[in-house]
Amino acid sequence: MRVTVVGSGYVGTTLAACLADAGHDVTAVDIDPDVVAAINDGRAAIHEPGLDDLLAEHAGDRLRATTEYDGVPDADVTFLAIGTPSRADGSIDLGPLSAAAEMTGEAISTATETAEPTAADRHLVVVKSTITPPGVGEIREALLAGAGDAADRVELATNPEFLREGTAVDDFRHPDKLVFGTDSDWAVDRLEALYEPLLVATDADVPVVRTDPETAVMIKYANNAFLAAKISLANDLGNVCKRFGIDAYEVMDAVGLDDRIGAQFLRSGVGWGGSCFPKDVDAIRSAAREAGYEPPMLEAAVAVNDSQPERMLELLDSHVDVAGERVAVLGLAFKPGTDDIRNSRAIPIIEGLQARGAEVVGYDPVATDTMRERFPDVAYADSAAAALDDARAALVVTDWDEFAALGDAFDAMAEPVVIDGRRVIERRDGLTYEGLTW
Ligand code: NAD
């Protein structure tokens, strides 16, 4: 099939590369010429394991990138994978996605219409971005306004994405479920035909949930809100454990044996960040509030998450006054495997250290450049060991595997105080070591 993917960020580039790998003919669109040049060069503008290999294999062959919407008129399916960030009040900003939907509609209106249009002449536009239920109508309106007289040839569906940064390629190829939000059998057939080669190639037996467009996007919010709240509950209980001198991990390992609960997302620590949980929980809270309901569980999930970095800093305060001292922050990305620092817990940690007058030195295997743009006044080390050199204290914020093996590197600190927000440090001897919830 001919597929156009509009928006080539974490989701769009993964989608474009995996669909090309599954045999489709893919055009990736982005307004950023650097992103487009990178893809045409066979590499991703972002760090995502496995993505560069796929781009190197298919760029210039089944995959091309462009800043124009010229692939849209001939496409069997056009995906919209544009960012849907939060406004200052937490509500969803649909501006960039609406603009892309309108441009997609305009591009469709330039397609030559056959004398007697058949189903094959219809254009399927699929919203991959995460949007609120009321947002579906707004995007449909923008798309149809752009399409003008061609509006009756356009079909809008939603198909939320559940991949995780750091394992995006693998997640996309092995999804737990596919959610098709459309009232049209024709659109379902086309989506099934699109995904089929991908699922056949990976031998994945994937349940398909077919529903209306608004329910489909709500499934995505409910999914993320549930996971975010699960972590916050684990953190809340972890804070209780710490008060009693109990190891929260021992508790949660046992709790996770209950089939009704499951073992995942019970690792307590400094909290969730990234581009999805914070903005998605904010967006659905805000949309609910606008519809006349304040969701107290979601408010609590955010409140617990917001307080974890301060708890980590208070633990540090209980051991050392860091004013004028060098303090290492190990891990800047919001989680391992990505260079994404959006809403990383390292941000409030660095701000808190700076407010205490500490001299901060950060280290991350891949996210240093992006964090340098956010905090140009912070020093950045080339290795974790270099960050620890002469530091008075270290705060572990991201659970990169390499931190587990630091061992002797802590000997470069005079009286090492280590506050671990992710339970990743294995060495405890000779350190003043504090786990956040253990
Ligand atoms: P991103 O910010 O990484 O990428 C968005 C891209 O769209 C950017 O490269 C930007 O230059 C481009 N863009 C903006 N306006 C454009 C326009 N008019 N035309 C063409 N390109 C344009 O975003 P992302 O992380 O890939 O997320 C995209 C959507 O998918 C969001 O709604 C997000 O919530 C959702 N999502 C993200 C993830 C994730 O892990 N990142 C997972 C599931 C769902």
Descending accessible area (1.4 Å probe), largest on the left, turns 186, 272 into 186, 272
Rounded to a whole number, the Stokes-Einstein D of the chain in µm²/s (Kirkwood radius over Cα pairs; 10 °C; 1.306 mPa s) is 68 µm²/s
Taking Lys and Arg as +1 and Asp and Glu as -1, residues besides residue 277 with C-beta under 13 Å from its C-beta add up to +3
Calc'd 3J(HN,Hα), segment 384-395, phi into Karplus 6.51 cos²θ - 1.76 cosθ + 1.60 (θ = phi - 60°), Hz, glycine/Pro = x, comes to 5, 4, 5, 5, 6, 4, 6, 6, 7, 8, 9, 10
Quick note, segment 303-438: a/c under 1.5 would make it rounded; otherwise a/b > b/c is prolate and the rest oblate (a ≥ b ≥ c, C-alpha gyration tensor); here it is rounded
Comparing 165, 294, 106 in a Gaussian network model of the chain (Cα, 10 Å), the one with the largest mean-square fluctuation is 294
PRE zone check, label point 7 Å out along Cα-to-Cβ of residue 366, amide N under 16 Å, scope segment 327-354, hits 331-342, 344
Among 391, 72, 50, the residue whose Cα sits farthest towards the positive end of the charge dipole of the chain (+1 at Cβ of Lys and Arg, -1 at Cβ of Asp and Glu, taken about the Cα centre) is 391
Taking Cα atoms only, helix 213-243 is inclined relative to the longest principal axis of the chain by an angle, in degrees rounded to 10, of 10 degrees
Dipole check, the chain, charges on Cβ (K,R +1; D,E -1), about Cα centroid: among 371, 22, 312 the Cα furthest to the positive pole belongs to 312
From highest to lowest solvent-accessible area (probe 1.4 Å; ligands, DNA and RNA excluded), 25, 364 read 25, 364
Toy charge model, Lys and Arg Cβ at +1, Asp and Glu Cβ at -1: segment 14-129 dipole around Cα centroid in debye, rounded to 20, equals 260 debye
Compactness summary of segment 216-303: radius of gyration and Dmax from Cα atoms, Å, are 14.2, 43
In Å², rounded to a whole number, the accessible area per residue of segment 163-276 with probe 1.4 Å is 50 Å²
For residue 123, the residues 5 or more places away or on another chain with a placed amide H closer than 5 Å to its own amide H are 154, 155
Amide H neighbours of residue 5 at under 5 Å, excluding residues fewer than 5 places away on the same chain, with H built from the backbone geometry, are 27, 28, 29, 79
Subtracting the Cα-Cα distance of residue 32 and residue 196 from 0.36 nm times their residue separation yields 56.0 nm
So, with points 7 Å from each Cα along the Cβ direction, the residue 206-residue 429 label distance in nm works out to 4.9 nm
Gyration tensor on Cα atoms of segment 146-247, a ≥ b ≥ c root eigenvalues, a/c under 1.5 rounded, else prolate if a/b beats b/c, else oblate, says prolate
Dividing the helical contributions, -39500 (n - 2.57) per DSSP H run of n ≥ 4, by the residues of the chain yields a 222 nm value, nearest 500 deg cm²/dmol, of -13000 deg cm²/dmol
Within the under-14-Å Cβ sphere about residue 350, not counting residue 350, Lys/Arg +1 and Asp/Glu -1 give a net charge of -1
Relative contact order as a percentage, the chain, C-alpha pairs under 8 Å and 6+ apart, gives 12 percent
For the table 242/335; 242/279; 177/242, the rows whose alpha-carbon distance is greater than 26 Å are 242/279; 177/242
Whole-Å distance linking the alpha carbon centroid of segment 77-91 with that of segment 274-311 is 17 Å
Calc'd 3J(HN,Hα), segment 24-39, phi into Karplus 6.51 cos²θ - 1.76 cosθ + 1.60 (θ = phi - 60°), Hz, glycine/Pro = x, comes to 7, 9, 10, 10, 9, 10, 8, 7, 8, x, 5, 5, 5, 4, 4, 5
1/(1 + (r/R0)^6) with r = Cβ-Cβ of residue 412 and residue 261, R0 = 45 Å, i.e. FRET efficiency to nearest 0.05, evaluates to 0.60
Rounded to the nearest 10, the angle in degrees between the Cα long axis of helix 10-21 and the longest principal axis of the Cα atoms of the chain comes to 60 degrees
With all protein chains in place and a 1.4 Å probe, residue 47 shows an accessible area in Å² (nearest 10) of 70 Å²
Computed for segment 292-408: size of charge dipole around the Cα centre, +1 on C-beta of each Lys and Arg, -1 on C-beta of each Asp and Glu, debye to nearest 20, value 140 debye
Taking a crude spin-label model, label points 7 Å out from Cα along the C-beta direction, the residue 293 to residue 40 distance in nm is 4.8 nm
Env charge @ residue 411, Cβ radius under 15 Å, K,R +1 / D,E -1, value -3
Counting only protein heavy atoms with a 1.4 Å probe and every protein chain in place, the carbon and sulfur fraction of the accessible surface of segment 1-98 in whole percent equals 46 percent
Two pseudo-spin positions, 7 Å from Cα along C-beta at residue 354 and at residue 56, lie apart in nanometres by 3.7 nm
Among the Cα-Cα pairs of segment 1-110, the proportion with separation greater than 18 Å, in percent, is 45 percent
Treating only Lys and Arg (+1) and Asp and Glu (-1) as charged, each at its beta carbon, one finds that the chain has a dipole about its Cα centre, in Debye to the nearest 20, of 1000 debye
The chain: antiparallel bridges as % of DSSP beta bridges, rounded to 5, reads 5 percent
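The values are calculated or read from the model by the stated rules, or taken from the named source; none is laboratory data. Treat the numbers as computed from the prediction; the structure is a model and nothing was measured. Cβ: placed from backbone, ideal geometry, glycine included. Neighbour counts: every protein chain shown. Note: areas computed on protein heavy atoms with side chains; ligands, DNA, RNA excluded. Shrake-Rupley method; radii C 1.70, N 1.55, O 1.52, S 1.80 Å.
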